[in-house]
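Comments concern the structure below.
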Amino acid sequence: MTTIGFLACETTLPGAGQRRGDAFEHDLMIAALEPAFAARDMILTVVDWEAPLASFDGIELVMLGTAWNYQDKAPQFLDKLEALAAAGVSVCNAPDLVRWNAKKTYLRELAEAGARTIPTLWREVVTPRGALEAMETFDTDRIVVKRQVGAGAEGQELIRRGSLPDRDWTFGYPAMLQPYLPAIASDGELSFVFIDGELSHALRKLPADGDYRIQSLYGGVENVHEPSPEEAQAASTILAALPDPAPLYARIDMLRDDDGSPLLMEAELIEPYLYPEQGPQLGPRLAEAVAKRVESQ
Ligand SMILES: Nc1ncnc2c1ncn2[C@@H]1O[C@H](COP(=O)(O)OP(=O)(O)O)[C@@H](O)[C@H]1O
Ligand SMILES: [Mg+2]
């Protein structure tokens with residue numbers, strides 16, 4: 001028997017006092033993975049990433065799972081992954097790749113290397129005036145302001161020209177500013193789940209009426225999507241552009257521009273939800289890929 005760790009956090013762990021509203025996604029992941037892993041003689045064990053190193057004794061490989069609070073403790077999280085790797089645990093995805101992926105400035109690198117990404121301004125501080133300047137730059141009346149280190153749409157702002165924030169307002173984090181792309185509400189966000197370099201499944205995520213965030217916490221819903229060859233190619237091109245080492249799992253999120261062509265929104269290599277309901281083969285595929293990595297260790 002091989003023991004595989006699945007990192008969770010204090011608000012996704014089953015039995016935690018205050019579970020997040022989307023902790024059911026943690027349960028769906030475990031339900032999809034556990035039997036598939038057991039079929040390959042691997043036991044899946046859920047561990048809080050903040051638990052002491054001793055809690056990881058006997059674990060051969062950890063997946064980053066549902067560590068959905070890392071964005072507020074990024075240095076500690078990255079240090080922990082490195083400590084685990086130094087202790088001989090195989091960490092998936094690899095700490096170097098996670099460090100690269102933790103700050104969204106990686107999108108600028110990918111854009112410079114030729115990837116089609118959403119146009120973005122990078123600012124350490126955003127004021128109402130900065131928001132207005134971004135609207136001028138993008139020739140639009142609506143912009144989205146996001147954290148450079150962020151997840152789950154946390155702390156994000158949608159700002160309209162007609163209702164700018166108060167003059168003394170500032171965005172509390174290093175930021176990225178983008179034009180609001182209306183396709184999010186009509187066509188939705190497309191996600192492509194890759195396991196060990198192969199496209200496993202794709203889905204379309206739509207926000208609730210009146211919202212623009214597709215996360216289930218805000219009422220977003222998702223459905224299976226059959227990608228066109230061009231879409232699958234666009235997602236694979238992004239995957240191929242990622243730095244080494246190759247990820248065990250990746251979720252490539254895209255949003256269409258006004259012409260309908262997919263633009264990269266983010267390449268989630270840290271703790272993406274992998275939507276097992278839309279990809280019934282996720283468990284067996286991940287189990288196979290993890291078993292391969294354990295064998296080659
Ligand atoms: N430029 C944009 N136009 C429209 N909606 C956006 C835009 N950027 C982000 N969103 C919405 O906000 C959500 C969170 O943004 P995202 O860049 O994916 O950051 P996170 O890392 O928080 O998931 C997206 O899933 C989408 O619903
Ligand atoms: Mg996202």
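The values are calculated or read from the model by the stated rules, or taken from the named source; none is laboratory data. Note that the coordinates shown come from a computational prediction; the quantities given were computed from them, not determined experimentally. Using ideal geometry, Cβ is built from the backbone for each residue, glycine included, and neighbour counts are taken over all protein chains shown.
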Regarding the range 237-250, can at least one residue be identified that is touching a Pro at 6+ places or on another chain (Cβ under 6 Å) and of a type outside the set (A, V, I, L, M, F, W, C)?
no
Please enumerate the residues belonging to the range 48-75 that are over 18 Å from the mean Cα position of the chain (by Cα) and under 19 Å from LEU248 (Cα atoms).
ILE59, GLU60, LEU61
Residues in the range 6-51 that are at pLDDT below 95 and either within 11 Å of GLY65 (Cα to Cα) or assigned to a helix (DSSP H, G or I) (or both) total 0
Regarding the range 260-269, can at least one residue be identified that is under 29 Å from LEU61 (Cβ atoms), outside any strand (DSSP E or B) and modelled with pLDDT of 95 or more?
yes
Quick check on the range 26-35. Is at least one of its residues buried (at least 17 other Cβ atoms within 10 Å of the Cβ), of a type in the set (D, E, K, R) and in contact with a strand residue (DSSP E or B) (Cβ under 8 Å, 6 or more places away or on another chain)?
yes
Can you find even one residue in the range 270-277 that is surrounded by fewer than 23 Cβ atoms within 10 Å (Cβ to Cβ) and in a helix (DSSP H, G or I)?
yes
Residues of the range 135-164 satisfying the condition of being touching a Phe, Trp or Tyr at 6+ places or on another chain (Cβ under 9 Å) and more than 12 Å from ligand 1 (Cβ to nearest atom):
ASP141, ARG160
If you go through the range 185-202, how many residues are surrounded by fewer than 21 Cβ atoms within 10 Å (Cβ to Cβ) and either within 13 Å of ligand 2 (Cβ to nearest atom) or in a loop (DSSP other than H, G, I, E, B) (or both)?
3
Name the single residue, out of those in the range 259-292 being charged (D, E, K, R) and in contact (Cβ under 8 Å) with a residue 12 or more places away in the chain, that is nearest to ALA111 (Cα to Cα).
GLU266
How about the range 136-150: which of its residues are within 13 Å of ligand 2 (Cβ to nearest atom) and at pLDDT 95 or above?
VAL144, LYS146, ARG147
